[in-house]
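**Q** First the structure, which I've put down as structure tokens, then a few questions once you've had a look.
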Amino acid sequence: MCGIVGCVGKIDVKNFLIQGLKDLDYRGYDSAGVAYLLNREIVVHKFVGSVENLSKKTPPKFNSDVGIGHTRWATHGVPSDINSHPHVSNDGTFALVHNGVIKNYKDIKGHLSRKGFSFLSETDTEVIVNLLQRSYGKTNDVLEAIRLTVSKLEGGYACAFITSHEPHRLYFFKNSAPLLIGVGEGFNLLASDASPMITETHKFIELDDLCYGYIEEKDLHIYKDGNELEPVYTEKQPDLLKRDLCGYPHFMLKEIEEIPTVIGRLVDNYYNDGEFNFDPKLIEAIHEADHIVFIACGTSYHASLIGAHYFERLGKDTSVFIASEWAYYPKYLGKKPLYVFLSQSGETADLIRCGEAIKAMKMPLLVITNTKGSTLERMSTYSCLLYAGLEVAVASTKAYSAMVTLLSLLSRACAHSTHIAEKLNQIIEDCNKIIERKEEIREIAKKIKDAKNVFFLGRGYDYEMSLEASLKLKEITYIHSEGVPGGELKHGPIALIEEGVPVITFISDPVTESAMRGNVEEVNSRGAISYIVSSNRVKRDGDAFVVPDSVLYLSPLLKSMFAFYLAYYVSLEKGLNVDKPRNLAKSVTVE
Ligand code: G6P
């Protein structure tokens with residue numbers, strides 16, 4: 001969701017802002033805009049549509065040393081030129097971009113309206129920029145104006161702004177939404193994540209909540225609670241942030257085919273020379289915990305469902321919650337719980353809300369994320385990185401596989417069971433075999449592409465994986481689909497089976513094989529067109545796709561490869577935008 005970039009100093013402002021916004025476009029957006037200072041006057045360009053469209057409609061050079069840019073994913077107000085950011089204060093002296101939601105914006109708007117302010121847009125953001133103008137009017141000091149403004153805001157925000165009062169500075173303030181400083185030689189940068197800045201610098205400052213300050217050509221100042229902070233620098237690896245199609249037509253295809261490498265990277269990072277390489281304090285915390293509580297959203301929730309079983313095998317009680325549910329209806333389980341958050345981005349707003357509650361109770365929190373330095377990682381007691389590299393396609397694939405792999409390694413580390421490395425090495429080979437057979441999956445995709453509804457059936461791990469298979473299909477093909485436990489079919493979903501409905505059934509476990517094949521008979525006799533995706537040990541003639549055998553608990557890694565390709569090819573066959581499906585955002589930074 002909304003992406004922010006900004007720069008100040010000796011740098012090509014247009015080039016950085018436009019390229020930076022393109023680098024953030026994987027977050028999802030509907031409009032884009034920029035603002036810069038030209039001879040102390042604020043210039044704004046903002047339009048519904050793509051960053052490319054914005055680039056075409058703006059001058060070739062900005063002739064400025066300071067600018068901000070924004071991609072908007074509409075929350076308050078429809079996508080429109082007027083609702084796009086940057087927003088400008090009534091007197092034209094401040095231009096601001098914002099990521100997040102200001103919960104009390106209606107009250108502030110009412111108050112400012114009574115003071116004579118007018119509003120052009122339907123956004124919550126426009127109140128912030130006018131509060132800045134009003135606060136500056138009272139203090140004549142931009143930092144004081146920020147302090148006053150922030151004291152009135154409720155909600156989450158990351159903001160960057162420029163002002164004609166200090167024309168060579170780029171100001172920022174943030175709470176519960178991501179913002180980083182990139183430190184350059186003769187310039188400084190700001191962005192929602194490191195990817196737009198990585199070609200310019202490897203040196204970063206991760207901003208804590210309630211920090212504010214400014215960057216200049218050769219200097220920067222960060223404050224919190226009225227005190228200046230000493231900057232803490234971190235280095236970031238450019239290779240893990242590379243955003244390159246490498247000859248692939250889509251990021252999703254590239255990311256599916258990176259899965260074997262990602263699994264290998266996790267094995268190398270967390271296991272070497274016969275020893276696991278996890279923080280011993282984390283292993284101790286898992287042993288001590290009487291309940292392991294997983295909380296996540298979307299694909300990460302589905303990976304949590306699989307991972308929870310790995311800890312049940314250790315004799316632990318486990319529970320899995322959707323973050324937006326737990327956030328408002330929390331269940332506190334166990335006397336000594338360990339909370340585990342899975343999040344590709346590390347920035348999901350619903351999870352941040354849960355994290356705040358867990359921190360307030362001083363409970364231990366393990367965060368498993370792909371994004372070093374993200375808000376959730378910084379909130380954690382323990383963290384494990386997924387090392388999956390930047391995931392650009394909105395539909396998550398390699399991050400799911402990385403989460404399942406990491407949880408398998410971590411749980412086996414707790415059991416001192418080193419066979420896992422061998423088993424994962426076998427999975428890598430088997431994933432590669434599936435990659436070689438992707439055209440077979442494309443043929444199945446061609447047959448289901450015109451369906452209105454698709455059902456995925458499974459039991460146990462296959463059922464939990466089928467939830468992810470279904471999510472992937474609906475995200476990028478807009479076909480309605482459901483993942484259904486085989487046995488639950490006759491308690492409702494079977495009413496929807498009619499002539500020609502595709503039903504994809506996963507079968508991995510010999511124990512439930514005959515029950516699953518019975519379910520297939522039930523849907524076939526009602527006109528469904530069945531595609532069975534089986535493991536080698538339970539295959540039968542006529543199965544649509546057979547994957548190599550693996551231990552049951554790792555079978556989701558192989559079956560999900562099939563599911564990812566299926567969704568990808570259906571989307572491709574339908575001529576849809578595979579990497580950027582409608583309405584969805586990669587990083588969901590609002591509740
Ligand atoms: C969005 C993305 C999904 C992702 C979910 C959770 O909905 O489109 O792909 O699974 O957020 O995100 P997280 O970054 O917390 O894993």
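The values are calculated or read from the model by the stated rules, or taken from the named source; none is laboratory data. Small disclaimer: the values here were computed from a predicted structure and weren't measured. Note that we place each Cβ from the backbone using ideal geometry, even for glycine, and neighbour counts take in every protein chain shown. Areas reflect the complete protein model, heavy atoms only, side chains present, ligands, DNA and RNA absent. Shrake-Rupley method; radii C 1.70, N 1.55, O 1.52, S 1.80 Å.
**Q** Looking only at the range 357-391, count how many residues are open to solvent by 10 Å² or more (accessible area, probe 1.4 Å) and among the hydrophobic types (A, V, I, L, M, F, W, C).
**A** Residues that pass the stated criteria total 7.
**Q** May I pose another question? What pairs come out if I take residues in the range 234-258 that are closer than 18 Å to ARG27 by Cα and at pLDDT below 85 and pair them with residues that are of a type in the set (D, E, K, R) and assigned to a loop (DSSP other than H, G, I, E, B) whose C-beta lies under 6 Å away, six or more apart or interchain?
**A** Hits for this filter: zero, empty list.
**Q** In this structure, is HIS309 assigned to a helix (DSSP H, G or I), assigned by TED's automatic domain parsing to the domain that holds PRO330, open to solvent by 30 Å² or more (accessible area, probe 1.4 Å) and closer than 21 Å to VAL551 by Cβ?
**A** The answer is yes for HIS309.
**Q** Let me ask you something else. Out of LEU557, LEU566, LEU576, report the one residue that is surrounded by fewer than 24 Cβ atoms within 10 Å (Cβ to Cβ) and more than 15 Å from the ligand (Cβ to nearest atom).
**A** Within the list LEU557, LEU566, LEU576, the selection yields LEU576.
**Q** I want to confirm something. Restricting to the range 147-163 and keeping residues that are open to solvent by less than 20 Å² (accessible area, probe 1.4 Å) and more than 18 Å from ALA349 (Cβ to Cβ), which single residue is nearest to the chain's Cα centre (by Cα)?
**A** Checking each candidate, the answer is ALA160.
**Q** Mind counting the residues in the range 177-205 that are within 25 Å of VAL101 (Cα to Cα) and surrounded by fewer than 21 Cβ atoms within 10 Å (Cβ to Cβ)?
**A** 0
**Q** Sort out which residues of the range 325-368 are away from the ligand (no atom under 14 Å from the Cβ) and aromatic (Phe, Trp, Tyr), and write them in order of number.
**A** TYR328, TYR329, TYR332, TYR339 - these are the residues of the range 325-368 that are away from the ligand (no atom under 14 Å from the Cβ) and aromatic (Phe, Trp, Tyr).
**Q** Could you look through the range 229-280, keep only residues that are of a type in the set (Asp, Glu) and over 22 Å from the mean Cα position of the chain (by Cα), and pick out the one that is farthest from LEU410 (Cα to Cα)?
**A** Step by step, filter the range 229-280, then rank; the result is GLU230.
**Q** Ok, one more. Pairs needed: first member in the range 446-473, in the same structural domain as GLY486 (by TED's automatic domain parsing); second member anywhere, open to solvent by 50 Å² or more (accessible area, probe 1.4 Å); C-beta distance under 6 Å; at least 6 residues apart or different chains.
**A** LYS446/GLU573; LYS449/GLU573; LYS449/LYS574; ASN453/HIS480; PHE455/GLU482; SER470/GLU482
**Q** Then there's this: For the range 309-323, how many residues meet the condition of being in contact (Cβ under 8 Å) with a residue 60 or more places away in the chain and either within 14 Å of the ligand (Cβ to nearest atom) or in contact with a strand residue (DSSP E or B) (Cβ under 7 Å, 6 or more places away or on another chain) (or both)?
**A** Going through the range 309-323 one residue at a time, the tally reaches 1.
**Q** While we're here: Being out of contact with any Pro (no Cβ under 6 Å at 6 or more places or on another chain), modelled with pLDDT of 95 or more, more than 18 Å from TYR271 (Cα to Cα) and not in a loop (DSSP other than H, G, I, E, B) narrows it down to one residue among ALA413, ALA399, ALA395; which is it?
**A** Only one candidate passes the filter, namely ALA399.
**Q** Moving to a separate point now. Just the residues that are modelled with pLDDT under 95 and closer than 23 Å to LEU333 by Cα, please, taken from the range 363-376.
**A** LEU376
**Q** May I pose another question? Quick one: count up the residues across the range 323-335 that are outside any loop (DSSP other than H, G, I, E, B) and in contact with an Asp or Glu (Cβ under 8 Å, 6 or more places away or on another chain).
**A** Number satisfying all stated conditions: 3.
**Q** Could I ask something else about it? Could you tell me whether GLY226 is over 25 Å from the mean Cα position of the chain (by Cα), among the small types (Gly, Ala, Ser) and open to solvent by 20 Å² or more (accessible area, probe 1.4 Å)?
**A** yes
**Q** Oh, and also: Output the strands (runs of 3 or more DSSP E) that fall wholly within the range 1-52 and possess 1 or more residues being among the hydroxyl-bearing types (Ser, Thr, Tyr), or say none.
**A** The qualifying strands (runs of 3 or more DSSP E) are 31-38.
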